[in-house]
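Quick note: the coordinates plus some simple rules give every number you see, no bench work behind them. A quick note: this is a predicted structure, and the numbers were derived from the prediction, not measured. Every residue, glycine as well, gets a Cβ built from its backbone with ideal geometry; the counts of neighbours run over all protein chains shown.
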């Protein structure tokens with residue numbers, strides 16, 4: 001072994017020695033409650049996205065002017081509007097969660113989300129009040145986006161800080177199980193009401209019913225979260241008096257010292273959420289408008305795919321604990337980049353082809369989805385973890401993720417090529433692969449303390465090698 005390798009090996013051993021020891025696992029009962037509390041809140045968030053995306057045909061006809069295609073585009077644009085305020089939510093809720101605790105913020109965000117979703121079901125139609133109908137919908141979507149700006153980053157941080165270090169991937173995957181469960185519940189309700197009530201009644205008032213389910217979901221989430229203590233990692237920081245003194249100081253510290261993990265996460269989220277919102281939000285509209293499936297068939301295809309993904313999620317999370325987060329992401333990104341175009345063509349063949357094509361894309365996406373809660377919170381130290389996650393995630397999502405359905409529809413309209421969403425997903429995966437090169441592996445690493453997990457001692461190594469050092473990501 002040469003001298004340079006010896007120095008690097010010694011530095012890595014020193015980094016491991018200086019990092020906090022693995023945290024003791026909470027009791028099984030506490031861990032179960034933490035998983036349920038985080039997952040139910042996330043399910044409430046995605047339940048809203050599910051009923052909106054899967055009921056867009058009815059919503060556009062009830063609340064927007066114009067012919068069906070124009071009204072649908074308006075409805076998709078309104079879907080994107082909620083994402084524009086998500087970065088503001090991240091800037092507001094993130095520092096609060098780092099100063100006052102994860103639990104307090106998560107209790108507020110779930111109440112706002114559930115209340116706004118419930119109120120969508122109460123909106124008057126365009127025929128009754130004219131442009132007040134879409135305007136009120138936009139305002140409610142903005143409330144949902146603002147609350148979601150704190151909900152997802154907070155829930156993932158909450159889950160990661162409760163989970164044992166060596167099983168963070170497995171337990172974190174249940175947060176995404178909640179994501180798909182909420183989405184699937186929204187889709188199943190919309191499909192069920194459609195089958196029972198018929199198209200005419202759904203257009204008249206039936207589309208409102210799924211929105212009312214948000215109220216009991218939100219109450220269940222508040223109840224579960226109220227029964228938990230703050231996360232062990234944050235309590236430790238708070239007892240040591242090392243929380244950030246103010247939001248302004250935290251944000252200055254975050255952007256000055258941790259700009260590289262912010263950029264890396266932003267690039268990964270481009271891939272993550274362009275694929276996510278194309279598959280889960282845009283696909284029912286695509287299957288109906290572009291491939292000619294019936295409304296009910298266009299709902300059945302993603303439901304089958306999401307249920308298949310839910311079965312695999314815990315296994316993918318556990319695999320990331322054994323093999324690492326980065327290998328899982330490489331498998332997903334490379335697989336989607338290579339196969340998404342053929343799978344889109346398979347979906348255009350028949351209903352069976354659509355089911356198989358969607359399911360295969362979903363399974364290729366699972367290695368990313370299953371590891372979000374284990375990967376992203378570990379990119380930042382505890383004092384800025386909530387804010388760093390919330391800001392990077394929501395800014396990238398607002399620009400690229402939430403706009404993916406409208407962008408896909410616009411690209412097809414401009415080019416006439418129904419495979420344009422697949423090409424857009426390929427471009428997003430390329431961005432994700434570029435960012436993944438710079439991600440530090442944190443499987444099994446403690447996320448306690450003020451240091452960046454997995455990189456303790458590395459700035460000194462960089463300095464001795466004459467490389468960049470202040471970003472906190474190798």
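Take the alpha carbon atoms of segment 144-228, find their radius of gyration, then divide it by 2.2 N^0.38 Å using N residues; give the quotient. Please report the intermediate quantities before stating the final value.
Numbers: Rg = 16.6 Å, N = 85, 2.2 N^0.38 = 11.9 Å.
Cα-based Rg divided by the globular estimate yields 1.39.
For segment 361-409, what class follows from the C-alpha gyration tensor (a ≥ b ≥ c being the square roots of its eigenvalues): rounded when a/c is under 1.5, otherwise prolate if a/b is larger than b/c, else oblate? Oblate, since a/c reaches 1.5 and b/c is not below a/b.
Fewest neighbouring Cβ atoms within 10 Å first, the residues 252, 325, 166 line up as 252, 166, 325.
Quote the relative contact order of the chain in percent (integer), defining contacts as alpha-carbon pairs under 8 Å separated by 6+ residues.
Values: 859 pairs, mean separation 126.6, N = 474.
Here the relative contact order equals 27 percent.
For the chain, the mean projected area of the C-alpha convex hull, equal to one quarter of the hull surface, is 22.2 nm². Just to be sure I follow: if Rg is taken over the C-alpha atoms of segment 21-170 and Rh is the Kirkwood radius over the same atoms, what is Rg/Rh? When Rh is taken as the Kirkwood radius, the ratio is 1.09. Calculate, for residue 100 and residue 167, the FRET efficiency according to 1/(1 + (r/R0)^6) with r their C-beta to C-beta distance and R0 22 Å; round to the nearest 0.05. Efficiency at R0 = 22 Å is approximately 0.20.
At 0.36 nm per residue, and after removing the present C-alpha to C-alpha distance, how many nm does the segment from residue 196 to residue 322 gain when stretched out fully? Intermediate results must be reported in sequence, preceding the final value.
Numbers: separation 126, 0.36 × 126 = 45.36 nm, distance 4.60 nm.
Here the segment from residue 196 to residue 322 would lengthen by 40.8 nm.
Fewest-first ordering of 137, 339, 122 by other beta carbons within 10 Å of each residue's beta carbon gives 122, 339, 137.
For 384, 129, 437, what ranking results if the residue with the fewest other Cβ atoms within 10 Å of its Cβ goes first? Provide the component values of the computation, followed by the final result.
Numbers: 384 24, 129 14, 437 11.
Lowest to highest Cβ neighbour count: 437, 129, 384.
Extending 7 Å from Cα along the Cβ direction at residue 330 and again at residue 122 yields two label points whose distance is 5.3 nm.
When the P(r) is computed for segment 189-290, the part past 22 Å accounts for 67% of the Cα-Cα pairs.
The three principal axes of the Cα atoms in segment 261-413 give end-to-end lengths of 50, 33, 25 Å, sorted in falling order.
Per DSSP H run of at least 4 residues, take -39500 (n - 2.57); add these up for the chain, divide by its residues and hand me the 222 nm value, nearest 500 deg cm²/dmol. Mind dumping the intermediate values first?
Values: 23 runs with 360 residues, N = 474.
Estimated from H runs of four or more residues: -25000 deg cm²/dmol.
Taking all Cα pairs closer than 8 Å and separated by 6 or more residues, the relative contact order of segment 249-374 comes to 30 percent.
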